[in-house]
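Read the structure below first, then the notes.
The values are calculated or read from the model by the stated rules, or taken from the named source; none is laboratory data. Bear in mind the structure is a predicted one, so any value in this text is a computation, not a measurement. Neighbour counts run over all protein chains shown; Cβ positions are idealised from the backbone, glycine included. Please note that ligands, DNA and RNA were not included when accessible areas were found on the heavy atoms of the full protein model with its side chains. Shrake-Rupley method; radii C 1.70, N 1.55, O 1.52, S 1.80 Å.
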Amino acid sequence: AFVSWGGIVGALLALALCALISHFGTLLLLDGFARGAPLGHLLGRVGCLTYGCCFGRRTHGPLSITYTHPQSKAVRVAGLHGVPLHPAAAYEAVLDGVLFVMINAVALLDAPQGVPVALCMIGYGLGRFCIEFLRDNEGRILPGGLALNQVVSLGLAATGALALLPLYLFAPP
């Protein structure tokens, strides 16, 4: 969980620091980050898919991936040699690709500052929440039945939704 969420939190903190020491506004920097981050994350998820980490649950469906290399994390750590699994990292890469196109389209259509980053947070949070149902979350299920990453995903989506409120409630007519 630290790799994805830690990277996102670290990048946001770095952007906040850059905003403090530069003449650029925080929303401008966040929007810029939101326009490129999904593409970088997509590439990272392709790496996850090839390494065998962030693997999905067992599946008998037509869309699956099996790992056989002994150094694959799915084989080495979870003992899932040759077991058909949901390609959860591929699902997330598709989500990132859709977000990249959508957020850049919104930005090119002159959306108000803050809208691209808010949409990125909402879209990624809700998409990741859904993907987590297909991911192997053994040992990360909380008492309410949701995985830790699902709770964090909902928090990210809610933060994005809350960020949209002042943009539209206090926008000039």
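Which one of Gly114, Gly125, Gly97 is touching a Gly at 6+ places or on another chain (Cβ under 7 Å) and among the small types (Gly, Ala, Ser)?
Criteria check complete, one pass: Gly125.
Look through region 143-160, keep the residues that are open to solvent by 20 Å² or more (accessible area, probe 1.4 Å) and in a helix (DSSP H, G or I), and return whichever of them is nearest to Ala78 (Cα to Cα).
Leu148
Filtering region 16-35 down to residues that are touching a residue at least 24 places away in the same chain (Cβ under 8 Å), open to solvent by less than 50 Å² (accessible area, probe 1.4 Å) and in a helix (DSSP H, G or I), which residue is farthest from Gly97 (Cα to Cα)?
Leu30
Looking at Ala163, is it under 28 Å from Leu28 (Cα atoms), open to solvent by less than 70 Å² (accessible area, probe 1.4 Å) and at pLDDT 95 or above?
Judged against the criteria, Ala163 is not a match.
Please go through region 105-142 and pick out each residue that is open to solvent by less than 50 Å² (accessible area, probe 1.4 Å), outside any helix (DSSP H, G or I) and without any contact (Cβ under 8 Å) to a residue 12 or more places away in the chain.
Ala111 - this is the single residue of region 105-142 that is open to solvent by less than 50 Å² (accessible area, probe 1.4 Å), outside any helix (DSSP H, G or I) and without any contact (Cβ under 8 Å) to a residue 12 or more places away in the chain.
Taking only region 36-78 into account, find how many residues are in a loop (DSSP other than H, G, I, E, B), open to solvent by less than 40 Å² (accessible area, probe 1.4 Å) and of a type outside the set (Ser, Thr, Tyr).
5
Quick check on region 144-166. Is at least one of its residues at negative phi, touching a Pro at 6+ places or on another chain (Cβ under 7 Å) and not β-branched (Val, Ile, Thr)?
The answer is no; no qualifying residue exists.
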